[in-house]
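Contents: one structure, followed by commentary.
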Amino acid sequence: MPSSDPVEEESRPTKITKMDDSLDVTSATTGTSTIPSYRPDAKTRRYDRQLRLWASAGQRSLESARVLLVGCDATGCQALKNLVLPGISHFTILSPDLTTAQDVATNFFLHPDSVGSPIAEESVKYLKELNPAVEGSAKVEDPASLLVTDPAFFTTYTLIIASNVIPSLELELADLLWQTSASVGGSDIPLICIRNSGFIGRVEIQLREHSVVDTHPDTTHTLRLDAPFTSLEHHARSLDLATMDSMEHSHIPWVVLLVRAASIWKESHNGRLPESSEEKAEFKELLKKDKAKGDEENYEEALAQAYRVWGKSELPWETGQILDDDSVKNISTNSKNLHILLHTLSEYVSAPPHLPPTSPSLPDMHSSTTSYVHLQNLYKQEYQSDLKRFKRLLSQTLQNIGLEEETIPDEEVESFAKNVAGVGIIKGTPLRQGKEGKGLIVRAIEDYQYDEYDGSSTCFAMHLALLAAERFYALHKRWPGTKSKADMCEDNQQIEEVLKGIMGGKEVANVFAESIAEVTRGGFGTLPTTAAFLGGVVAQEAIKLVTNQYTPLDNTVIVDLIKSQSAKFKF
């Protein structure tokens, strides 16, 4: 055989043996710097969806919340489930009861092996599995005795839920929390009371005064088109529409177009804006004349938003009502942060132009990126200027009442200044007032008229039936409908007599008799479906109260799952 060409032999690739000092690819490094990871951490990923609802400030409030559940049943556990999952700090279940077979049949957070064991301990064990970051504990004691021996125990919590406890305990607990909040600097601990019987449910909230830092209104944009700040008006008037190309002309933000048109209009109308319908129509025609072509979307938006020009920019009416509240006018070292901020706002708006700080946010609009960013920067610069002025007034206010400048964190101040239209204060009523048939419920009974097409009238009848049933319990120490079926008619008749007393001697109409029969038929037992629904309602309101965001229920909601109806009332 002919010998191989030595050149070809050398050109063959040789097998590279593994070197002793070789490295795995995963261990190898290069001379380049480490590329940072922008992937959210595990906590952010876990709570991503809810952070979009109440942001990091709300999540911090939630993660510092301590919740007490008094009475352990399916409804209360469903409410806790919906609070443990989003990450409250701690929950405690207070109940002296042992688990029964009936409890296991209705409560998802119990196991057949739980029968005979303390229901509080068993429920805590399974609820804690939902979120390892949440602490949970059980207290196997009688709540009524604890109210006497250690009332301070209840005031260590952020919020208390009483789930289907006996009426006397419900009122004693409500009285304690109401009295605690009455003292100077006392904690205002909200109480959520649950009562359900079969497919009928009720949720009541007691709070003395609740501050809402962000109601999340549909719009918080204070565009000030009728009274533009100097830099905004200067920018609008500096545009030379005649020399713009069609692309640039069709992407001018509608805010700029309206500010420019309003400024020109005022020059020829003695500083006035359009007032009559004729003038408003004329204003729109002048705006149309500036269009370079017929299909410019930004001009169509400007015409649709033209009403903002003659709509006066002013402090929202609801905010003005809050500023007139005594707790805002007369502040002290014990005042809540929101009250101090609102007091400062009242001083801020007392000076021209009598408007709250400019919002730095803008609504979406047809515009080029460059034009939109420039406009947004104008509003942000004005906001920063307004914020500096607000902080100076706040510093003086804090000094006047003997508090340090750092008392209110900058983040809280800035959030308030951005969202003046979204703050609110809710004044509550004591739970006992409505239970004893006093206050607002008296007027509701007097004005009541049944309307078969209005679900609220049926729900109100259900509320009175539940109220009468609670008085029945106070008399007989048992719930109606819990004895034999033959006794249900007798129970219904007794409740009707109780209801007649609540209604001032009026005859009990058919709608009330039917409501009583339905409530009694439920036997004040808890159905899994009703428990799940009410648990969601309770948790939703609890989150509003804990985060101080969104407007909470004030103060009663009735749910009728037979007719798929619900209605809210204030008693």
| Accessible area, 1.4 Å probe, largest first: how do Glu296, Glu129, Glu209 sort? | Glu129, Glu209, Glu296
| How large is ³J(HN,Hα) for each residue in segment 196-207, as worked out from phi by the Karplus curve 6.51 cos²θ - 1.76 cosθ + 1.60 (θ = phi - 60°), to whole Hz, x for Gly and Pro? | 9, 9, x, 8, 9, x, 9, 10, 10, 10, 10, 8
| remark: Which residues qualify? For Leu98, with a placed amide H closer than 5 Å and at least 5 residues away or on another chain, they are Ile119
| query | Can you give the convex hull volume of the alpha carbon atoms of segment 317-427 per residue, in Å³? | reply | 115 Å³
| task | Place +1 on the Cβ of every Lys and Arg and -1 on the Cβ of every Asp and Glu in the chain, take the dipole about the Cα centre, and give the residue among Ala55, Thr547, Thr526 whose Cα lies farthest towards its positive end. | result | Thr526
| query | Cα to Cα, under 18 Å, and not fewer than 8 places away if on the same chain: which aspartates and glutamates meet these conditions relative to Lys563? | reply | Asp451, Glu452, Asp454, Glu514, Glu518
| In debye, nearest 20: dipole of the chain around its Cα centre with unit charges on the Cβ of K, R (+) and D, E (-)? | 720 debye
| Listed residues Ala469, Thr369, Pro118: farthest to the positive end of the dipole of the chain (Cβ charges) | Ala469
| query | What does the helix-only formula give at 222 nm for the chain: each DSSP H stretch with n ≥ 4 adding -39500 (n - 2.57), the total divided by the residues, and the result rounded to the nearest 500 deg cm²/dmol? | reply | -14500 deg cm²/dmol
| field | Label-point separation, Asn337 to Glu278 (7 Å along Cα→Cβ), nm | value | 5.5 nm
| said: P(r) for segment 436-523, please, calculated from all Cα pair distances in 10 Å bins and given in %. | reply: 17, 53, 26, 4
| In whole Hz, what ³J(HN,Hα) sequence does segment 136-150 give by Karplus (6.51, -1.76, 1.60; θ = phi - 60°), x for Gly and Pro? | x, 9, 10, 10, 8, 9, 7, x, 4, 5, 5, 4, 7, 7, 8
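Would you check segment 317-427 for Lys pairs whose C-alpha atoms are within less than 18 Å, ignoring same-chain pairs closer than 8 in sequence, and give me the count?
Numbers: Lys329/Lys427; Lys336/Lys391; Lys336/Lys427; Lys380/Lys388; Lys380/Lys391; Lys380/Lys418; Lys388/Lys418; Lys391/Lys418.
Final tally of qualifying lysine pairs is 8.
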| request: Scan around Thr222 for amide H atoms under 5 Å from its own, H built in the peptide plane at 1.01 Å from N, and keep only partners 5 or more places away or cross-chain. | output: Ser359
| said: Could you derive backbone 3J(HN,Hα) for segment 318-326 from the dihedral phi with the Karplus parameters 6.51, -1.76 and 1.60 (θ = phi - 60°), listing whole Hz in sequence and x where the residue is Gly or Pro? | reply: 4, 5, x, 5, 5, 5, 8, 5, 4
| said: From the gyration tensor of the Cα coordinates in segment 482-571, what semi-axes in whole Å does the equivalent ellipsoid have, largest first, with each one equal to sqrt(5λ)? | reply: 30, 18, 10
| message | Positive end of the dipole of the chain, charges at C-beta (+1 Lys, Arg; -1 Asp, Glu), about the Cα centre: which of Leu232, Ala242, Leu147 has its Cα farthest in that direction? | response | Leu147
| said: Can you sort Thr429, Thr530, Thr158 by solvent-accessible area, 1.4 Å probe, largest first? | reply: Thr158, Thr429, Thr530
| query | Treating the beta-carbon of each Lys and Arg as +1 and of each Asp and Glu as -1, no other charges, what is the dipole magnitude of segment 317-427 about its Cα centre, to the nearest 20 debye? | reply | 180 debye
| Going by average Cβ neighbours within 10 Å, how do the peptides 553-562, 136-145, 443-452 rank, with the highest at the top? | 553-562, 136-145, 443-452
| task | First measure r as the distance between the Cβ atoms of His374 and His354, then evaluate 1/(1 + (r/R0)^6) with R0 = 30 Å and state the FRET efficiency to the nearest 0.05. | result | 0.60
| remark: Cα extents of the chain along the principal axes, largest first, in whole Å, come to 108, 96, 54
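Going from most exposed to least, what order do Glu496, Glu279, Glu514 have by accessible area with a 1.4 Å probe?
Glu514, Glu496, Glu279
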| How large is log10 I(q)/I(0) at q = 0.09, 0.11, 0.20, 0.23 Å⁻¹ when the Debye formula is applied to the Cα atoms of segment 86-208, each weighted equally and without solvent? | -0.28, -0.42, -1.31, -1.47
| task | Quick one: accessible surface of Leu475, probe radius 1.4 Å, all protein chains present, in square angstrom to the nearest 10. | result | 120 Å²
| message | Accessible area per residue for the chain in Å², computed with a 1.4 Å probe and the full protein assembly in place, what is it? | response | 51 Å²
| field | Test item: Cα-centred dipole of segment 104-143, Lys/Arg +1 and Asp/Glu -1 on Cβ, debye | value | 100 debye
| Which FRET efficiency value, to the nearest 0.05, is calculated for Gln396 and Ser361 with the Förster distance at 30 angstrom and r the Cβ-Cβ distance? | 0.60
| message | Counting only protein heavy atoms and a 1.4 Å probe, tell me what percentage of the chain's accessible area is made up of carbon and sulfur. | response | 51 percent
| request: Along Cα→Cβ, 7 Å out, is where each label goes; now give me the distance between the ones at Glu135 and Leu440 in nm to one decimal. | output: 3.6 nm
| remark: Taking a ≥ b ≥ c as the square roots of the Cα gyration tensor eigenvalues, with a/c under 1.5 meaning rounded and otherwise prolate when a/b beats b/c or oblate if not, segment 230-310 comes out oblate
| task | Amide H neighbours of Asn555 under 5 Å, at least 5 residues apart or on other chains, H built in the peptide plane: list them. | result | Phe569, Lys570, Phe571
| query | Classify segment 113-157: rounded, prolate or oblate, from the alpha-carbon gyration tensor (a ≥ b ≥ c, eigenvalue square roots; a/c under 1.5 rounded; otherwise prolate if a/b is larger than b/c)? | reply | oblate
| said: Could you tell me the center-to-center distance, by alpha carbons, between segment 353-414 and segment 502-571 in angstrom? | reply: 42 Å
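Given a Förster radius of 56 Å and the C-beta distance between Leu51 and Ala509 as r, what FRET efficiency does 1/(1 + (r/R0)^6) yield to the nearest 0.05?
After rounding, the FRET efficiency stands at 0.70.
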| request: Count the net charge of all other residues whose Cβ sits under 13 Å from the Cβ of Leu355, scoring Lys and Arg as +1 and Asp and Glu as -1. | output: -1
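The values are calculated or read from the model by the stated rules, or taken from the named source; none is laboratory data. None of these values were measured; they are calculated from a predicted model. Methodologically, a virtual Cβ is constructed for each residue, glycine included, from the backbone with ideal geometry; neighbour enumeration extends over all protein chains shown. Note: accessible area is taken over every heavy atom of the protein model, side chains too, but ligands, DNA and RNA are not part of it. Shrake-Rupley method; radii C 1.70, N 1.55, O 1.52, S 1.80 Å.
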